[in-house]
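Novice: The structure under discussion is supplied below as structure tokens; questions concerning it will follow.
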Amino acid sequence: MFYSQLGKFRKYLNITAALLLVVLLAPLVIAQNKTEQSPDETARQQMLTREAADAFRRLKRSMEKDGFYSGRVALNVWRSTAMDAGTFDQTQYDEMKTQLYEKSVNDSLRCFEEFMLEEDFYNANFCLQTWRMHSKELGTYDQAEYEAFKDQLADAKAAKASRQAKDK
């Protein structure tokens, strides 16, 4: 009887050892398979990396040559392709976004001044509102400066209306 129970014990011991071996070695085999990429996966990764680099190059060009909305689209395209490629850098994204908004704030002020000279007050106000929204996004908004621009706009409107009334 003792030997029959010993035989069963050895049988369970062998099964347990085999299962333990499978449990311990399975993660190693799976990890090894994940690190080895097939040629198709390698080519796909290279393509994604190249697309992300091209999107970044287009973003830089857009920030130099285009307006805010084209730059914003290029920024979002770069972010998406860089995430797909696994090369996305949040600090670089934040830096590019800040540069884009700074450019927009400067362009909006220049736009405001040009439309004020042309006495196109509707578009001057549009530029002023763009300046306000984008400077708020940057955290550089100054309410007193905004009020001064609004007063300048109102004074110019009043002066134009006064001139037109005298001419009639």
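Novice: Name the residue, out of Val77, Val105, Val73, that is among the β-branched types (Val, Ile, Thr), in the same structural domain as Trp131 (by TED's automatic domain parsing) and either over 17 Å from Lys136 (Cβ atoms) or more than 11 Å from the chain's Cα centre (by Cα) (or both).
Specialist: Val105
Novice: While we're looking at this one, here's another question. If you go through segment 95-110 one residue at a time, do you hit one that is among the small types (Gly, Ala, Ser), under 18 Å from Ala148 (Cβ atoms) and in a helix (DSSP H, G or I)?
Specialist: Yes: segment 95-110 contains one or more residues that are among the small types (Gly, Ala, Ser), under 18 Å from Ala148 (Cβ atoms) and in a helix (DSSP H, G or I).
Novice: Sticking with this one: Quick one: which of Ser62, Ser104 is at pLDDT 85 or above, hydroxyl-bearing (Ser, Thr, Tyr) and touching a Phe, Trp or Tyr at 6+ places or on another chain (Cβ under 6 Å)?
Specialist: Being at pLDDT 85 or above, hydroxyl-bearing (Ser, Thr, Tyr) and touching a Phe, Trp or Tyr at 6+ places or on another chain (Cβ under 6 Å) holds for just one of Ser62, Ser104, which is Ser104.
Novice: Still on this structure: Of the residues that make up segment 140-149, is at least one surrounded by 14 or more Cβ atoms within 10 Å (Cβ to Cβ) and aliphatic (A, V, I, L, M)?
Specialist: no
Novice: If you don't mind, another one. Name the pairs whose Cβ atoms lie under 7 Å apart, with the first residue in segment 123-143 and hydroxyl-bearing (Ser, Thr, Tyr), the second assigned to a loop (DSSP other than H, G, I, E, B), and 6 or more positions between them or separate chains?
Specialist: Once the first residue is hydroxyl-bearing (Ser, Thr, Tyr) and sits in segment 123-143, its partners that are assigned to a loop (DSSP other than H, G, I, E, B) give Ser135/Tyr141.
Novice: Report whether or not Ser80 is closer than 30 Å to Lys60 by Cβ, part of a helix (DSSP H, G or I) and of a type outside the set (Val, Ile, Thr).
Specialist: It is true that Ser80 is closer than 30 Å to Lys60 by Cβ, part of a helix (DSSP H, G or I) and of a type outside the set (Val, Ile, Thr).
The values are calculated or read from the model by the stated rules, or taken from the named source; none is laboratory data. These numbers were taken from a predicted model, which means no experiment stands behind them. Because the Cβ atoms are built from the backbone with ideal geometry, glycine has one as well, and the counts that use them run over all protein chains shown.
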